[in-house]
Amino acid sequence: MTEPTPRLLPWSSPDGKPCYLAGDGTGYVSRTADDIEAKQLGSAAELIVEARAVLAGRRWTPGEIHLLAEDLTAALADVHRVAESRGGRLAELLG
């Protein structure tokens, strides 16, 4: 039996490098990562609603658009990391 591929965690090290977890996915750190991923995905969904409302209003300042772009970029980076992590685990399960 092969060792499971380390899981990409939804946070980075202090110097910005990816963090990984080796394990069976049932421990405290795995559950914490699951909770953080769920919150990140929920925040991204809320931000989509906010972005649509801002853009539909067509009365925004350059500062509002800049802040929206920063928030959307951060959310997209979080969602991308979650997708990479889950995709890697799914590929391992499917063999």
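Using the structure shown, decide if residue 72 is without any contact (Cβ under 8 Å) to a residue 40 or more places away in the chain, surrounded by 12 or more Cβ atoms within 10 Å (Cβ to Cβ) and assigned to a helix (DSSP H, G or I). Steps first, answer last, please.
On the way: without any contact (Cβ under 8 Å) to a residue 40 or more places away in the chain: yes; surrounded by 12 or more Cβ atoms within 10 Å (Cβ to Cβ): yes; assigned to a helix (DSSP H, G or I): yes.
When the stated conditions are applied, residue 72 passes them.
Please work out if residue 49 is at pLDDT 95 or above, aliphatic (A, V, I, L, M) and surrounded by fewer than 11 Cβ atoms within 10 Å (Cβ to Cβ).
Yes.
Hey, residue 39 hits all of (1) in contact with a helix residue (DSSP H, G or I) (Cβ under 7 Å, 6 or more places away or on another chain); (2) more than 18 Å from residue 88 (Cβ to Cβ); (3) charged (D, E, K, R) but one; which does it fall short on?
(1)
Looking only at the stretch 75-88, filter to residues that are among the charged types (D, E, K, R) and surrounded by 15 or more Cβ atoms within 10 Å (Cβ to Cβ); which one of those is nearest to the chain's Cα centre (by Cα)?
78
Being outside any helix (DSSP H, G or I) and among the hydroxyl-bearing types (Ser, Thr, Tyr) is the filter here, so list the residues in the stretch 39-69 that pass it. Write out each step before concluding.
To start, the set of residues in the stretch 39-69 that are outside any helix (DSSP H, G or I) comprises 58-61.
Passing the criteria: only 61.
Hey, can you tell me all the residues within the stretch 75-85 that are free of Cβ contacts under 8 Å to residues at least 40 places away in the same chain and closer than 15 Å to residue 36 by Cβ? Reasoning before the result, please.
Quick first cut of the stretch 75-85, residues free of Cβ contacts under 8 Å to residues at least 40 places away in the same chain only: 75-77, 79-80, 83.
The answer is 75, 77, 79, 80, 83.
Could you run through the stretch 3-21 and say how many residues are assigned to a loop (DSSP other than H, G, I, E, B) and either surrounded by 12 or more Cβ atoms within 10 Å (Cβ to Cβ) or touching a Leu at 6+ places or on another chain (Cβ under 7 Å) (or both)?
Residues meeting the conditions: 3.
Consider the stretch 22-38. How many of its residues are in contact (Cβ under 8 Å) with a residue 24 or more places away in the chain and either at negative phi or assigned to a helix (DSSP H, G or I) (or both)? Write out each step before concluding.
Of the stretch 22-38, the ones in contact (Cβ under 8 Å) with a residue 24 or more places away in the chain are 25, 33, 36-37.
Now restrict to residues that are either at negative phi or assigned to a helix (DSSP H, G or I) (or both): 33, 36-37.
The qualifying residues number 3.
The values are calculated or read from the model by the stated rules, or taken from the named source; none is laboratory data. Since this is a predicted model, take the numbers as computed values, not measurements. As a convention, Cβ positions derive from the backbone with ideal geometry for all residues, glycine included, and neighbour counts pool all protein chains shown.
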